Each structure stands twice: as structure tokens, then as C-alpha cells.
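K.L.:
Pasting a structure below so you can have a look.
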Amino acid sequence: MPEITINVSDAERNACLAAITELNNIAHLKYMSIAMIAETAGIKETKCRAVLDDLIASKTITKYQATDNKRIQRYYYVINGAKQ
């Protein structure tokens, strides 16, 4: 079965990076869902997932597991090289 590739634009990458930066600036935030990032970036969740995968593959961001719950996994995203 052929792999499906979703094209990601620079504008979508920049929107997700800006959303991650904005969410990282919220001190009490313990995790980031794709829905939170998508809403903040103003793009659809399915597109956001593709953008995040692209940013992780290019080592622009790092995804950390924020919980130990195996049923409901939560993640936190950090821009590599960004000052926190």
C-alpha cells in the first residue's frame, strides 16, 4: 500500500511554531494537544498533525511525553534551540 504524503507549507510550519511558542509561554500548561496547537495556529487538526510530524522529522521541535498514563498519552513540544 503506498504511503500518503501531506504537503506542508512554510506558512503552516510558521503558524505551528508560533502556536508552540505561545503555548510554551503559559506557565501552568502541563501538556499540549494537537487540538490546542491547531486552534492556536488556526489550522485543522489533521494538517497540524502532519506539520508536527514534519517539524519533528526535521529536528526543529522535540516532542516529550508529559504523562505516564498509557491509555491517554499527553505530550509537550519544545522548539529546539529556543530559549525557554
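K.L.:
I need the phi-derived Karplus couplings for the range 42-57: 6.51 cos²θ - 1.76 cosθ + 1.60, θ = phi - 60°, integer Hz, Gly and Pro marked x.
P.N.:
Working through the residues one at a time gives x, 10, 6, 4, 5, 5, 4, 4, 5, 5, 4, 4, 5, 5, 5, 4 Hz.
K.L.:
At 1.4 Å probe radius, can you tell me the per residue accessible area of the chain in Å²?
P.N.:
About 72 Å² of surface per residue is accessible.
K.L.:
Which label belongs to the value computed from this structure, given these candidates for Rg/Rh (Cα atoms, Kirkwood Rh): (i) 1.04; (ii) 0.99; (iii) 0.97?
P.N.:
(iii)
K.L.:
Same structure, new question: For the chain, compute the number of Lys pairs whose alpha carbons are separated by less than 24 Å, excluding pairs fewer than 8 positions apart on the same chain.
P.N.:
12
K.L.:
Around Tyr75, which amide H atoms from residues at least 5 apart in sequence, or from another chain, sit under 5 Å from its own amide H, with H modelled in the peptide plane?
P.N.:
Met32, Ala66
K.L.:
Suppose only helical runs count, i.e. DSSP H with n ≥ 4. What mean residue ellipticity at 222 nm does that imply for the chain under -39500 (n - 2.57) per run, divided by all residues and rounded to the nearest 500 deg cm²/dmol?
P.N.:
It lands at -13500 deg cm²/dmol.
K.L.:
Expressed as a whole percentage, what fraction of the accessible surface of the chain belongs to carbon and sulfur atoms when a 1.4 Å probe is rolled over the protein heavy atoms?
P.N.:
C and S atoms contribute 51 percent here.
K.L.:
Taking the Cα centre of the chain as origin and charging only Cβ (+1 Lys, Arg; -1 Asp, Glu), how large is the dipole, in debye to the nearest 20?
P.N.:
320
The values are calculated or read from the model by the stated rules, or taken from the named source; none is laboratory data. Note that the structure is predicted; figures quoted are calculated from it, not measured. Methodologically, a virtual Cβ is constructed for each residue, glycine included, from the backbone with ideal geometry; neighbour enumeration extends over all protein chains shown. What goes into the accessible areas is simple: the full protein's heavy atoms, side chains included, and nothing from ligands, DNA or RNA. Shrake-Rupley method; radii C 1.70, N 1.55, O 1.52, S 1.80 Å.
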